[in-house]
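The values are calculated or read from the model by the stated rules, or taken from the named source; none is laboratory data. Since the model is a prediction, treat every value here as computed from it, not as a measurement. Cβ placement follows ideal geometry from the backbone for every residue including glycine, while neighbour counts extend to all protein chains displayed.
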Amino acid sequence: MIVAQAWREANGRQAVLARLLRLVEVHDVEQATARAAGVLLGRSGTSDAVDAVLVLLARDGDQILTSDPRDIGRLVTTLGRDVTIVPC
């Protein structure tokens, strides 16, 4: 889901993103995570399911690169995660 929000080239000409993806963990999203994301959205007052899944998958000490630091920050605070938000 998160890769889908950033990936736009069908023929893979996004070299920087492709290199970044080699450095991060990519997880499948299961139904339990999707449900937890919905609950987190309700608790935080935000609406982007992909953002909620990202925050749920983050662990304390992780960094989240985002173009939406405000909503990610609300989700992180609501969940009580100790992650660094990096605006990009």
Single unsatisfied condition, Val53 versus (1) closer than 15 Å to Ala4 by Cβ; (2) modelled with pLDDT under 95: (2)
Filter pass, Leu65 being at pLDDT below 95 and of a type in the set (A, V, I, L, M, F, W, C): yes
Within the range 1-18, considering residues that are exposed (fewer than 10 other Cβ atoms within 10 Å of the Cβ) and among the charged types (D, E, K, R), the one nearest to the chain's Cα centre (by Cα): Arg8
Only listed residue being of a type outside the set (Lys, Arg) and either touching a Phe, Trp or Tyr at 6+ places or on another chain (Cβ under 9 Å) or surrounded by fewer than 17 Cβ atoms within 10 Å (Cβ to Cβ) (or both), chosen from Thr77, Thr66: Thr77
Matching residues, the range 40-56, being surrounded by fewer than 18 Cβ atoms within 10 Å (Cβ to Cβ) and closer than 16 Å to Val24 by Cα: none
